[in-house]
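A short write-up of the structure that comes next.
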Amino acid sequence: MSTEMHNTAHGATPGSNAEPRNDDVSFETADVQATTIYWYLGALAIAVILSYVACVFVLRITTKVAVGFDSPPPAIREEMGSAYEAMPPEPRLQGVPGHGSDPQADLRQKNQSDIEANQKLGWIDQNAGIAQIPVEDAMKIIAEKGLPAVPPAKK
């Protein structure tokens, strides 16, 4: 094991400021030239700008070609104008701007019609003996008499 300091030059005393030396490896400050790096950066910038110009040129040409081959819009769109483009396609959901009704009012109306239908008394088919009775009365009858027996299924 060596007890010698590794950051000192060969033959230098520990207190001196001599840099380490190796006879086989050399380094010169002129090995890296900043002007060469600047030339490469300039060439890279020019290449990026030229590729951007080429992309813009290709985009404009392909846009013109696409417009030339594009079919005209349907006549209905021309008649309706901007109102047609603003509306979503049918069927439209309730609550969407431009829809004719209020979803909360529709729900209240549906619930009211369901309640009225469940409380209705009348004949559905008098010849066949099919009648409609309120749900509460039907539940009372089933609670008193029970459900009719169903014959077992034939195999």
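The values are calculated or read from the model by the stated rules, or taken from the named source; none is laboratory data. Small disclaimer: the values here were computed from a predicted structure and weren't measured. Please note: Cβ atoms are built from the backbone with ideal geometry, for glycine as well, and neighbour counts cover all protein chains shown.
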### Message
Going residue by residue through segment 74-91, is there one that turns out to be of a type in the set (A, V, I, L, M, F, W, C) and at pLDDT 70 or above?
### Response
no
### Query
Is it the case that segment 120-143 has a residue that's loosely packed, with under 10 Cβ neighbours inside 10 Å and polar (S, T, N, Q)?
yes
